[in-house]
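Below: one structure, written as structure tokens.
The values are calculated or read from the model by the stated rules, or taken from the named source; none is laboratory data. Just so it is clear, the model here is predicted, and its values are computed rather than measured. Every residue, glycine among them, receives a Cβ derived from its backbone with ideal geometry; neighbour counts consider all protein chains shown. Surface accessibility is based on the protein's heavy atoms, side chains included, excluding ligands, DNA and RNA. Shrake-Rupley method; radii C 1.70, N 1.55, O 1.52, S 1.80 Å.
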Amino acid sequence: MSHLQSLRGRRICLVGSTSGIARVVARELVARGAILHLGARDLEEARRDAVDLELRGGLPVSVGRFEALDLGSHAAFLAEARQRMGGLDCVLVAFGILGDQERARRDFADARQIMDLNYLAPASVLSHAAAMLEDQGTGGMLVALGSVAGDRGRPGNYTYGSAKAGLHAYLQGLRGRLASAGIRVLTVKPGPVDTPMTFGMGFPGGRLTAQPEAVARGIVRAMERGSEVVYVPCFWGLIMGVLKAIPESLFKRMKL
Amino acid sequence: MTKTKVGLAAETRKLAGWGRYPEATGLAVRPEKLSAVRAAVGSDRWSSVLARGLGRSYGDPAFNPEGCTLFTERLDRLISFDPASGWLRAEGGLSFRAILDLFLPRGWFLPVTPGTRHVTLAGALACDVHGKNHHRDGSVGRHVGGLRMLLASGEEVECSAQERPDLFHATVGGMGLTGLVLEAELRLRPIQTAMIRQQVRPAGDLDSLMALLEEHDNRVPYSVAWLDTVAEGRNLGRGVLLLGDHAGIADLPSSQARNPLSRRPGLRATVPFDAPGGLLNPTTIRAFNSTYYNLQKRKAGESLIALDPYFYPLDIVDDWNRMYGRSGFVQYQFVVPTSTARSTLVGVLEACARKGLASFLSVLKRFGPGAGNLSFPFEGYTLTLDFPVAPGLFEFLDDLDWMVLDAGGRLYLAKDARMSPATFRAMYPEFRRWLEVKHQVDPHDRFRSAQSVRLAMHSQEVSSR
Ligand SMILES: Cc1cc2nc3c(=O)[nH]c(=O)nc-3n(C[C@H](O)[C@H](O)[C@H](O)COP(=O)(O)OP(=O)(O)OC[C@H]3O[C@@H](n4cnc5c(N)ncnc54)[C@H](O)[C@@H]3O)c2cc1C
Ligand SMILES: NC(=O)c1ccc[n+]([C@@H]2O[C@H](COP(=O)([O-])OP(=O)(O)OC[C@H]3O[C@@H](n4cnc5c(N)ncnc54)[C@H](OP(=O)(O)O)[C@@H]3O)[C@@H](O)[C@H]2O)c1
């Protein structure tokens, strides 16, 4: 395992910064001296977050409008982020939607939106960010939030799961492509996290639902370690290992 | 799951205060954004709303089972800080714990703090909480500047002691019933070290304990007494006075003086399940009282103690409220004027003894002048007692209410689960004036709690007069 890399002074662009997870990640990052640019579609919130983060960390935090579904705007968004921070070392893609599998089953437009927001749009941001870091030739890091749901398709959420699975594969490919350029690619696979995305869903086994603070610490630690794939909390690695090993013929009959 | 346009999901939760009595079930939302909190207050999916902080009030003031309870702990952003004056502006859900974590290392402390740091800024304000320095510095409202409030109408307004003072004073101590505090300003106080110079002074009976408390009124910023509720006869009301002051750098041993603001958080523990039948039963409580008195007596004298264990001894154990077991407990806190304090305290302690009731943690403290409206403290003595909920307890507490009322005293709403609307009105003569303001800003009682319903703190009363 490589030694810890300091995040001090690193210029990090958070894409989807108003997400429940990203907000706490941002606090962890400024506590470590990172410089942030927040991308969000809700600018009023993002500006409030930026002020909060500046007061916590004592470093400037900038804000830019980001609309995930407007793929054509992604390159300009990243260019602005780089310009506002005076450089770019890392892009962390956090936006996404869980959607409603029932509705997605009945109306493919809903399914498509889940796919767009969890696969297409993140891939678009990552492809522009990868090109930018490659052009700079300064190394750097790409991070994206996938999900344990992408490890195995389940009747309850396979639209979301398949989009996350696509994202995982995209990140794997990028990782190989960018390794020689010294650019690290980190795939984060959270289990259920207690955020607005899941509030009110009454997750069975509430104890398996993690607090965003714990997840954020896991993500930032993985960034410092230069990890490639990380489950947060880490026990999900074990659970998914077991679930993935179950033969399809048996898995399809399990009510999961 | 129900979702609105802003993606605000509600869930049905079991709701209770810190004493876990009473319990109810109701809808809950947990907004993380302004748009979400606005939508929740304005939503027609529920008939009424209430903001909740960290749920550290004891009885039923922090939930609304018939409407929707808004969990605000994620609305916790800092908005501004002026290092020249110590004025901090933040969202109402910011916790005292977070304020300490962020500002103690920079040399700032809370102007007033309750005995736990797990409270929110707005929750502390809504109860106008007091600390060990009330006799000198008053309650938290005295250290609050401007507020930004979200009213029932959806309007957002600023208020302070200068701007819309009626609304400001009705909100400080107003138990969340005038609107939702989005932002508040709190003036932090500069400190040099994270240590406290503590003095422990045992007193063998109530008279000497009260004399000690009064003697130190003007000399020491922090003062509070622990009372042995088991002692009887000539030991009745014996206790230990705990005095404190912030240590200066010169007070620290040289090893610590180099890092004067570093904290020593101490141990952590948790109560992972409900103690069967209650770990705290009459036998263990009696044993604890005597042991604690004798232990403290041996510690008499001066010492240096870390700030966290000094102010927050109970925070060492997470979820300590579970020690009382399933049926929960109530805290009974009253204040009586100095003139009637002694006779009331003797009366209450003797009544407890007759009933065979001992309180686990009993705290006696002097209050300075009060802030008016529904704010609890006024000049005199306050006593806090803990009792596990058991058959016969409430009849007994009704009797105590009479003693308190006769003495010109009142109960603390933040700890109340059971007083009657009539008792409340008799104890809070300013309620009528408060209600006028409530009526102006919330004529249809959009903001309600289980407590406000129980005590009939309704605007409707004004309009129907
Ligand atoms: C161990 C312990 C020690 C304590 N010691 C003391 C003490 O020394 N002195 C003292 O005074 N109290 C003390 N308390 C009581 C506690 O400090 C108060 O009840 C405090 O208000 C709890 O804050 P909270 O954030 O948990 O609020 P909650 O209990 O969640 O809510 C309290 C009230 O605040 C209102 N409220 C919350 N947020 C908002 C908002 N955003 N806008 C408007 N209204 C809002 C609620 O509606 C409710 O009426 C203690 C409690 C415990 C558990
Ligand atoms: N929570 C979990 O249990 C969990 C588990 C595994 C993986 N994850 C993944 O972790 C990431 C963060 O999740 P979270 O729980 O923090 O979710 P969240 O709080 O619901 O946040 C979702 C974020 O996506 C943004 N977003 C949605 N549509 C957008 C659009 N069209 N343009 C721009 N931004 C858009 C939202 O912006 P607004 O604030 O403007 O709505 C919000 O910031 C997601 O990728 C999620 O799939 C979450």
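When only residues in the stretch B:18-28 that are touching a Phe, Trp or Tyr at 6+ places or on another chain (Cβ under 7 Å) and within 13 Å of ligand 1 (Cβ to nearest atom) count, which is nearest to the other protein chains (Cβ to nearest Cβ)?
Here the residue is B:A28.
Residues that are of a type in the set (D, E, K, R) and not assigned by TED's automatic domain parsing to the domain that holds B:D315: list the strands (runs of 3 or more DSSP E) wholly contained in the stretch B:30-93 that include at least 1 such residues. Outline the logic, then answer.
Details: elements: B:49-52, B:68-71, B:78-82, B:87-91.
In the stretch B:30-93, the matching strands (runs of 3 or more DSSP E) lie at B:49-52, B:78-82, B:87-91.
Going by the conditions given, is B:V172 buried (at least 21 other Cβ atoms within 10 Å of the Cβ) and aliphatic (A, V, I, L, M)? Working first, answer last.
Details: buried (at least 21 other Cβ atoms within 10 Å of the Cβ): yes; aliphatic (A, V, I, L, M): yes.
Yes; evaluated as a whole, the condition is true for this residue.
Pairs, please: C-beta under 7 Å, at least 6 apart or cross-chain, first residue of a type in the set (V, I, T) and in the stretch B:141-162, second buried (at least 19 other Cβ atoms within 10 Å of the Cβ) and not in a loop (DSSP other than H, G, I, E, B)?
Between residues of the stretch B:141-162 that are of a type in the set (V, I, T) and residues that are buried (at least 19 other Cβ atoms within 10 Å of the Cβ) and not in a loop (DSSP other than H, G, I, E, B), the close pairs are B:V144/B:L125; B:V144/B:A184; B:V144/B:E185; B:V144/B:L186; B:V157/B:M149.
For A:L69, indicate whether it is open to solvent by 40 Å² or more (accessible area, probe 1.4 Å), more than 20 Å from B:A90 (Cβ to Cβ) and touching a helix residue (DSSP H, G or I) at 6+ places or on another chain (Cβ under 7 Å).
Taking the combined requirement at face value, the residue satisfies it.
Tell me, yes or no, whether the stretch B:65-75 has at least one residue that is open to solvent by 30 Å² or more (accessible area, probe 1.4 Å) and within 13 Å of chain A (Cβ to nearest Cβ).
Checking the stretch B:65-75: at least one residue is open to solvent by 30 Å² or more (accessible area, probe 1.4 Å) and within 13 Å of chain A (Cβ to nearest Cβ).
For B:F378, only one of the following conditions fails: (1) open to solvent by 30 Å² or more (accessible area, probe 1.4 Å); (2) more than 16 Å from ligand 1 (Cβ to nearest atom); (3) of a type outside the set (K, R). What is its number?
All conditions are met except number (2).
Spot the failing condition for A:L4; the list is (1) assigned to a helix (DSSP H, G or I); (2) within 22 Å of A:E224 (Cα to Cα); (3) more than 14 Å from every other protein chain (Cβ to nearest Cβ); (4) open to solvent by 10 Å² or more (accessible area, probe 1.4 Å), and only one is missed.
It fails just one condition, (1).
Scan the stretch B:263-286 and tell me whether some residue there is surrounded by 15 or more Cβ atoms within 10 Å (Cβ to Cβ), modelled with pLDDT of 90 or more and over 25 Å from B:D308 (Cβ atoms).
There is no residue in the stretch B:263-286 that is surrounded by 15 or more Cβ atoms within 10 Å (Cβ to Cβ), modelled with pLDDT of 90 or more and over 25 Å from B:D308 (Cβ atoms).
Pull up the stretch B:76-95, narrow it to residues that are within 9 Å of another protein chain (Cβ to nearest Cβ), among the hydrophobic types (A, V, I, L, M, F, W, C) and more than 22 Å from the chain's Cα centre (by Cα), then point me to the one that is surrounded by the most Cβ atoms within 10 Å (Cβ to Cβ).
B:L78
Identify, from the list A:F66, A:F95, the residue that is within 14 Å of another protein chain (Cβ to nearest Cβ) and touching a residue at least 40 places away in the same chain (Cβ under 8 Å).
A:F95
Of the conditions (1) within 23 Å of A:G200 (Cα to Cα); (2) within 12 Å of ligand 2 (Cβ to nearest atom); (3) small (G, A, S), A:A111 clears all except one; give me its number.
(2)
Taking the stretch B:121-153 as the region of interest, how many residues are open to solvent by 20 Å² or more (accessible area, probe 1.4 Å) and either part of a strand (DSSP E or B) or within 16 Å of ligand 2 (Cβ to nearest atom) (or both)?
Qualifying residue count for the region: 1.
Can you tell me which residues in the stretch B:316-361 are under 17 Å from B:G239 (Cβ atoms) and open to solvent by 50 Å² or more (accessible area, probe 1.4 Å)?
Within the stretch B:316-361, B:R342, B:E350 qualify.
Of everything in the stretch A:211-245, what is among the β-branched types (V, I, T) and either at pLDDT below 95 or in a helix (DSSP H, G or I) (or both)? Give them in sequence order. Break it down stepwise before answering.
First pass over the stretch A:211-245, keeping only residues among the β-branched types (V, I, T): A:215, A:219-220, A:229-230, A:232, A:239, A:242.
Matches in the stretch A:211-245: A:V215, A:I219, A:V220, A:I239, A:V242.
Taking the stated definitions as given, is A:R103 over 27 Å from A:D135 (Cα atoms), within 12 Å of chain B (Cβ to nearest Cβ) and either without any contact (Cβ under 8 Å) to a residue 60 or more places away in the chain or of a type in the set (G, A, S) (or both)?
When the stated conditions are applied, A:R103 passes them.
Could you please find all residues in the stretch A:33-56 being under 19 Å from A:A94 (Cα atoms) and either outside any helix (DSSP H, G or I) or more than 13 Å from chain B (Cβ to nearest Cβ) (or both)?
Result: A:A34, A:I35, A:L36, A:H37, A:L38, A:G39, A:A40, A:R41, A:D42.
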